[in-house]
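Structure first, then comments.
The values are calculated or read from the model by the stated rules, or taken from the named source; none is laboratory data. Quantities reported herein were computed from a predicted structural model and do not represent experimental measurements. Cβ placement follows ideal geometry from the backbone for every residue including glycine, while neighbour counts extend to all protein chains displayed.
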Number of protein chains: 2
Amino acid sequence: MEETAQSRSVRKHQAIVTAAIEVFMAKGYPGTSMDDIAKLAAVSKQTVYKHFTDKEKLFREVVLATTAQVDAMIDLVAHIPAEADTLEENLTRLAHRLLTTLTQPQVLQLRRLIIANADAFPELGATWYERGFERVLATLATTFQRLADRGLLRIDDPLLAANHFSGLLLWIPVNQAMFHGGPQHTRADIDRYAAAGVRAFLGAYR
Amino acid sequence: MEETAQSRSVRKHQAIVTAAIEVFMAKGYPGTSMDDIAKLAAVSKQTVYKHFTDKEKLFREVVLATTAQVDAMIDLVAHIPAEADTLEENLTRLAHRLLTTLTQPQVLQLRRLIIANADAFPELGATWYERGFERVLATLATTFQRLADRGLLRIDDPLLAANHFSGLLLWIPVNQAMFHGGPQHTRADIDRYAAAGVRAFLGAYR
DNA sequence: GTTTGAGTACTGGACAGTCTAGTTCTTCAG
DNA sequence: CTGAAGAACTAGACTGTCCAGTACTCAAAC
């Protein structure tokens with residue numbers, strides 16, 4: 001019939017992974033039962049255990065798999081068309097993209113999931129921080145370095161500047177989201193955060 | 001014997017609260033059993049249930065009780081001896097206090113505990129955010145407003161400025177702490193964060 | 001002597017992980 | 001293309017453990 005490029009086993013594996021992320025994000029690690037995952041994946045519990053030796057391994061694998069999505073975000077902050085007169089506009093656009101991406105409910109939920117279990121899975125938190133967080137910051141830093149080279153910004157420590165940039169933008173909305181279940185930021189909120197953050201950043205670094 | 005100003009009942013109550021915070025912070029809400037708490041409080045489980053109808057109620061009460069400690073931090077940011085020539089120095093001192101307080105392991109652990117259970121206890125996260133977070137920011141905002149009135153800072157929106165100030169200072173270390181089990185910030189780190197954050201802030205708001 | 005709590009056993013439910021018996025998919029030889 | 005061997009999968013029962021919450025008995029405090 002259709003071109004099922006993947007074997008049954010691979011398909012099931014995928015189904016389990018997809019279901020597992022969803023349930024873990026919705027109910028947390030302790031709140032999730034293997035039966036839940038099997039049910040949502042439309043797979044028998046036995047199959048889950050065939051693919052993943054136990055719940056911990058499943059969790060680790062599933063969470064680490066999400067770091068792959070960070071690549072997309074890196075592209076987001078890697079390039080910025082930097083003409084002098086439109087610097088503020090360009091930075092605002094960049095800020096907007098960053099904010100929109102990072103305030104998506106999925107992203108926030110994932111963040112909560114990792115933080116909540118950072119005690120039980122320390123290496124998971126550390127790895128995700130490196131592979132997700134620091135990689136984006138490093139890329140943002142090189143972008144700023146490039147702007148500094150052209151004389152558009154005055155920057156000693158580009159990584160610090162990247163940290164300040166994201167701190168100015170994200171501290172408010174991310175904190176709010178961490179503590180509230182999910183208060184939905186409106187587009188207008190994001191506009192304000194982006195504009196205000198960029199204005200402060202330019203005040204400090206131009 | 002001694003002047004037990006408090007009845008036995010009150011003492012037990014206190015013992016339970018103290019023990020509960022400790023265990024909850026160490027092992028998280030689901031990881032904590034009522035037996036653990038009773039044992040640490042040197043109290044029978046029955047007594048725990050006499051004072052708190054169930055585990056959820058105990059958790060709520062114990063977490064909300066911690067907001068009282070925020071009062072101390074508010075004093076920290078309420079006053080700043082603002083002479084023009086030492087503004088940077090004073091702000092740096094303020095930043096230092098803020099950083100030192102908020103990067104204490106207990107504070108971070110409490111933060112994690114609340115975030116981790118914000119789904120299960122939404123009103124708890126919201127309340128803690130208001131009573132803890134926003135109150136400090138509001139106080140910081142009025143402090144900045146006062147500085148602006150004296151012409152020492154140029155500020156449209158004092159609350160936004162307070163948010164930016166804390167974002168510049170705390171984004172890096174708090175994030176790091178949230179993801180890593182507890183990486184201990186050295187005094188030198190804190191010095192750097194404070195100095196760099198204040199420099200950026202003054203660039204933006206003076 | 002009555003209230004309060006300690007100690008401890010118990011109930012009932014949830015859940016990780018295993019086991020079994022039967023079913024479907026895949027593959028590869030003929 | 002056919003069909004048998006074997007792998008992967010299903011369904012559901014089962015074990016052992018953990019834990020919230022209750023019940024009951026006995027000692028201490030007031």
Taking the criterion of being in contact with a His (Cβ under 7 Å, 6 or more places away or on another chain) and within 16 Å of DNA strand D (Cβ to nearest atom), would at least one residue in segment B:53-62 satisfy it? no
Identity of the residue in segment A:36-60, loosely packed, with under 14 Cβ neighbours inside 10 Å and acidic (D, E), that ends up nearest to DNA strand C (Cβ to nearest atom): A:D54
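If we keep just the residues of segment B:144-201 that are aromatic (F, W, Y) and within 10 Å of chain A (Cβ to nearest Cβ), which is surrounded by the most Cβ atoms within 10 Å (Cβ to Cβ)?
Applying the filter and picking the extreme gives B:F165.
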Among the residues of segment B:27-34, is there at least one that is more than 14 Å from every other protein chain (Cβ to nearest Cβ) and over 20 Å from B:H164 (Cα atoms)? yes
Test A:T186 against the criterion of being touching a residue at least 12 places away in the same chain (Cβ under 8 Å) and of a type in the set (V, I, T), and give yes or no. no
What's the number of the condition B:I80 fails, among (1) of a type outside the set (K, R); (2) within 28 Å of B:E134 (Cα to Cα); (3) outside any loop (DSSP other than H, G, I, E, B)? (3)
Name the single residue that is farthest from the chain's Cα centre (by Cα) among those in segment B:100-121 being assigned to a helix (DSSP H, G or I) and among the hydrophobic types (A, V, I, L, M, F, W, C). B:A116
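Working only within segment A:31-52, note down all residues that are more than 7 Å from DNA strand D (Cβ to nearest atom) and among the charged types (D, E, K, R).
Here is the first cut: in segment A:31-52, the ones more than 7 Å from DNA strand D (Cβ to nearest atom) are A:31-41, A:48-49, A:52.
Result: A:D35, A:D36, A:K39.
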Among the residues of segment A:67-75, is any within 14 Å of DNA strand C (Cβ to nearest atom) and either touching a residue at least 40 places away in the same chain (Cβ under 8 Å) or on the phi < 0 side of the Ramachandran plot (or both)? no
Test result for B:A78, under 16 Å from the mean Cα position of the chain (by Cα) and in the same structural domain as B:G167 (by TED's automatic domain parsing): yes
If you scan segment A:10-35, which residues turn out to be within 13 Å of DNA strand C (Cβ to nearest atom), crowded, with 16+ Cβ neighbours inside 10 Å and farther than 18 Å from A:R112 by Cβ? A:K12, A:H13, A:M34
